[in-house]
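Asker: Pasting a structure below so you can have a look.
The values are calculated or read from the model by the stated rules, or taken from the named source; none is laboratory data. Note that the structure is a prediction, hence the values are computed from the model and not measured. Cβ coordinates were reconstructed from backbone atoms using ideal geometry, including for glycine residues, and neighbour counts include every protein chain displayed.
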Amino acid sequence: MEIIKTKLKDCYIIEPKVFGDERGYFFESFHKEKFKVETGLDIDFVQDNQSSSKYGVLRGLHLQFGEYAQAKLVRVLSGRVLDIAVDLREESETYGQYEAVELSADNKRQFFVPRGFAHGFVVLSESAEFFYKCDNYYAPSYEGGIFYNDKDLNIDWGIPQSEMIISEKDQKLPSLSDFKNTKLS
């Protein structure tokens, strides 16, 4: 696997080496020691999650904070999404910046989103199966997020807003500036 640095510290794109023949394909989706050597990060994943969504569904921008902060390794099993990570680590030089990566069943890319980042995606294909590993357990009382269409982030989601399907909960998330002014405990 090739691990590609992004402009955001500790946020990586992972390109697997895919071995294919007339039977199909095989690839190693994660190797803890290789990841640690390449990134310096020692990650222990404890929970796997999977979702299915139709075209235009936007999920995000979500995070967990405090003792339940999560790092995620995300990928697409079928379909195609635009995946977004936003740096919310106040001490970071890239605070408030984001990285966008297209993930698909065809390119088999993965995206590592470290703790302290908000994460979201929008489905670009007719449907998509989304899979992710987390290094901490889900804790609803420690979840938060940023409004997907925040003017300060100015994210290009790749589809018209009129075609987006967004949960009521995600439509009520705070702006980046309101989030920054909220003390997370």
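Asker: Which one is nearest to Arg89 (Cα to Cα) among residues in region 146-172 that are among the acidic types (Asp, Glu) and surrounded by 15 or more Cβ atoms within 10 Å (Cβ to Cβ)?
Answerer: Selected residue: Asp150.
Asker: I would also like to ask the following. Out of all the residues in region 43-89, which are over 21 Å from Ser162 (Cβ atoms), touching a residue at least 60 places away in the same chain (Cβ under 8 Å) and not in a strand (DSSP E or B)?
Answerer: Across region 43-89, the qualifying residues are Ile43, Asp44, Phe45, Val46, Phe65, Gly66, Glu67, Tyr68, Ala69, Gln70, Ala71, Leu88.
Asker: Can you name every residue in region 90-108 that is part of a strand (DSSP E or B) and β-branched (Val, Ile, Thr)?
Answerer: Val101
Asker: Might you let me know whether region 97-114 holds any residue that is surrounded by fewer than 16 Cβ atoms within 10 Å (Cβ to Cβ), of a type in the set (Ser, Thr, Tyr) and modelled with pLDDT of 95 or more?
Answerer: No, the conditions are met nowhere in region 97-114.
Asker: OK, next. Where residues in region 29-70 are closer than 20 Å to Phe147 by Cα and of a type in the set (A, V, I, L, M), which of them is surrounded by the fewest Cβ atoms within 10 Å (Cβ to Cβ)?
Answerer: For region 29-70, the residue satisfying everything is Ala69.
Asker: Then there's this: Give the residues of region 146-172 that are among the hydrophobic types (A, V, I, L, M, F, W, C), touching a Leu at 6+ places or on another chain (Cβ under 7 Å) and assigned to a loop (DSSP other than H, G, I, E, B), sorted by residue number.
Answerer: Of everything in region 146-172, those that are among the hydrophobic types (A, V, I, L, M, F, W, C), touching a Leu at 6+ places or on another chain (Cβ under 7 Å) and assigned to a loop (DSSP other than H, G, I, E, B) turn out to be Ile146, Phe147, Leu153, Trp157, Ile159, Met164.
Asker: Also: Scanning for something surrounded by fewer than 12 Cβ atoms within 10 Å (Cβ to Cβ) and without any contact (Cβ under 8 Å) to a residue 24 or more places away in the chain, does region 5-13 turn up at least one residue?
Answerer: No; the residues of region 5-13 include none that is surrounded by fewer than 12 Cβ atoms within 10 Å (Cβ to Cβ) and without any contact (Cβ under 8 Å) to a residue 24 or more places away in the chain.
Asker: Also: Only residues that are of a type outside the set (Phe, Trp, Tyr), touching a residue at least 60 places away in the same chain (Cβ under 8 Å) and under 19 Å from Lys180 (Cα atoms): list them for region 100-119, please.
Answerer: Correct list: Pro114 only.
Asker: What number of residues in region 11-22 are part of a loop (DSSP other than H, G, I, E, B) and at pLDDT 95 or above?
Answerer: 2
Asker: Scan Tyr142, Tyr148 and give me the residue that is farther than 26 Å from Ile4 by Cα and touching a residue at least 60 places away in the same chain (Cβ under 8 Å).
Answerer: When all the criteria are applied, what remains is Tyr142.
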